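The values are calculated or read from the model by the stated rules, or taken from the named source; none is laboratory data. All values reported here derive from a predicted model rather than from experimental measurement. Using ideal geometry, Cβ is built from the backbone for each residue, glycine included, and neighbour counts are taken over all protein chains shown.
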Amino acid sequence: MKKGILIIFTAIAVIFGGCKQEFTPASLDKIRLAWNDNPETTVTIGWDQLGAENPVVYYDTKDHGQSWKKYGQSQNPTREVSHLTMNTRFCDLSGLLPNTSYYFVIKDSEGVSDRFWFKTAPDKPTPFTCIMGGDTKCKDEALIAGRFTKRMVPILRPLFVLFNGDFTHDGITAEHWEQWLTDWFELTRAEDGRLFPIVAVMGNHENRDLEVLNKVFNTPYQFENPENIYYSLSFGGDFIHIISLNSEIELGGEQRQWLEEDLKKSENYIFKFAACHKPFRPHTSRKSERITQYQQWAYLFHEHGLDIYLDADSHISKITFPVKPDSINGYEGFVRDDINGTMHLGEGSWGATPRAVDDDKPWTLRSGSFNQVKWLQVFPETETAEARIDIRTVITATRDSLDQPVSHVEGVSALSEEDVFAVPEGIDLFSTEPYGNVITYPFVDNNK
């Protein structure tokens, strides 16, 4: 009798006691998300298929954990790329709902991945945050500093990350890309499994393989040429337009033609961003002036009302006052114009060794030498306030007397999904008088 009771209680425990079903892991890693099309309704999921066969992405607006059969939608890989030592699979999800959380697993013939999730972009003006930066390296102190910076991503929980070029040392070494993608997957993933889409921009360290970002992130290209990696994205209705440009190919010709057409089509957006790896006027003497870039793009940007230009390459930090091109009266071709100018943010140093800031301009608002990213909080117009962008420079690492990286990320409190507009306790924000640690665009100088 006691044995029968024990069997009954055991059965009840199995049914109601929450015995967790164990799943064999899928044979894959280096999972990453990218925005390559309309971020309101699409996302690209990429991964390295290590072995096994027949991978499928199962996804839903409801969280079913690893129970892949419960997910309402599925998608086979839409592209396979064997590049370097990786067997990359891309799955382009489309028809998604805007401003919505999606949960997914990847199942192959060996098992099921962990459950991950992401958010689509809103289709109407909605507040959001993002991280923008560039220049990582793959060895020594720069690798360590870059890892510090990557750990800031899940702390701030941005809608997306714009990475402005120079992912690895040379763009063609397999172990460097494997390391970068592994670090990205492991260090930028939130504890609750949230992954953050990347908007990828070409850098000069990718110029030994001009197709590499298409092979690694499925990044789009123009004129049926996979070396022409430049593109644009929009979301929030008429709120946000982002242009990703390519400093490593012809700046005129087809790229200028495409840029002019894109700027014309996007004139009515509230905020327009352009990202390119190279700054027009670097703030370190180690880098040369970009004369051709100025000739091809500067007046186009001003004519069509570009708000923010994002650059990298120099391994420093800078924010300028809003400026407009003036080849006659300007300093290095620019003059300050708080009303109609473009604000330039940069210049890299996600992980790369910071250089000396020794070439400030009369229109430089602030600059510094440390590892950093720009953290933007973007707000639409309300009944009581104009649309604005709050820009903060987040210091992620500095160097000690032995030139070793010192983390400024350890001890920073992670934000929750409910408070992504809060300022985390312990975060180190670059501040200069008289403007404090927040620079707001449109810029109003109350200190004149």
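A few comments on the model shown:
- Residues of region 367-405 satisfying the condition of being more than 23 Å from the chain's Cα centre (by Cα) and not in a loop (DSSP other than H, G, I, E, B): Arg399
- Residues within region 275-285 that are among the polar types (S, T, N, Q) and either surrounded by 14 or more Cβ atoms within 10 Å (Cβ to Cβ) or within 24 Å of the chain's Cα centre (by Cα) (or both), tallied: 1
- Top-ranked residue of region 254-274 - restricted to ones that are out of contact with any strand residue (DSSP E or B) (no Cβ under 6 Å at 6 or more places or on another chain) and surrounded by 20 or more Cβ atoms within 10 Å (Cβ to Cβ), ranked as nearest to Gly237 (Cα to Cα): Leu263
- Screening the candidates Thr44, Thr78 for the property of being buried (at least 16 other Cβ atoms within 10 Å of the Cβ), of a type in the set (Ser, Thr, Tyr) and not assigned by TED's automatic domain parsing to the domain that holds Tyr221 yields one hit, Thr44.
- Scanning region 201-242 for residues that are among the aromatic types (Phe, Trp, Tyr) and touching a Leu at 6+ places or on another chain (Cβ under 8 Å) turns up just one, Tyr230.
- The one condition from (1) assigned to a loop (DSSP other than H, G, I, E, B); (2) in contact with a Phe, Trp or Tyr (Cβ under 7 Å, 6 or more places away or on another chain); (3) surrounded by fewer than 21 Cβ atoms within 10 Å (Cβ to Cβ) that Pro354 does not meet is (3).
- Members of region 338-351 that are crowded, with 17+ Cβ neighbours inside 10 Å and assigned to a loop (DSSP other than H, G, I, E, B): Gly341, Glu347, Gly348, Ser349, Trp350, Gly351
- Meets criteria (under 19 Å from Ala274 (Cα atoms) and of a type outside the set (A, V, I, L, M)) for Thr342: yes
- Residue match in region 251-274 (condition: assigned by TED's automatic domain parsing to the domain that holds Thr342, touching a residue at least 60 places away in the same chain (Cβ under 8 Å), part of a loop (DSSP other than H, G, I, E, B) and under 17 Å from the mean Cα position of the chain (by Cα)): no
- Checking each residue in region 398-438 for being over 26 Å from Arg147 (Cα atoms) and either among the aliphatic types (A, V, I, L, M) or surrounded by 16 or more Cβ atoms within 10 Å (Cβ to Cβ) (or both) picks out only Tyr435.
- Boolean, Val161 is within 14 Å of Trp35 (Cβ to Cβ), touching a residue at least 24 places away in the same chain (Cβ under 8 Å) and either of a type in the set (Val, Ile, Thr) or not assigned by TED's automatic domain parsing to the domain that holds Val406 (or both): yes
- In region 220-230, the condition of being in contact (Cβ under 8 Å) with a residue 24 or more places away in the chain and of a type in the set (Asp, Glu) is met by no residue.
- Helices (runs of 4 or more DSSP H) enclosed by region 99-218 - at least 1 residues per element that are at pLDDT below 95: 140-150, 174-187
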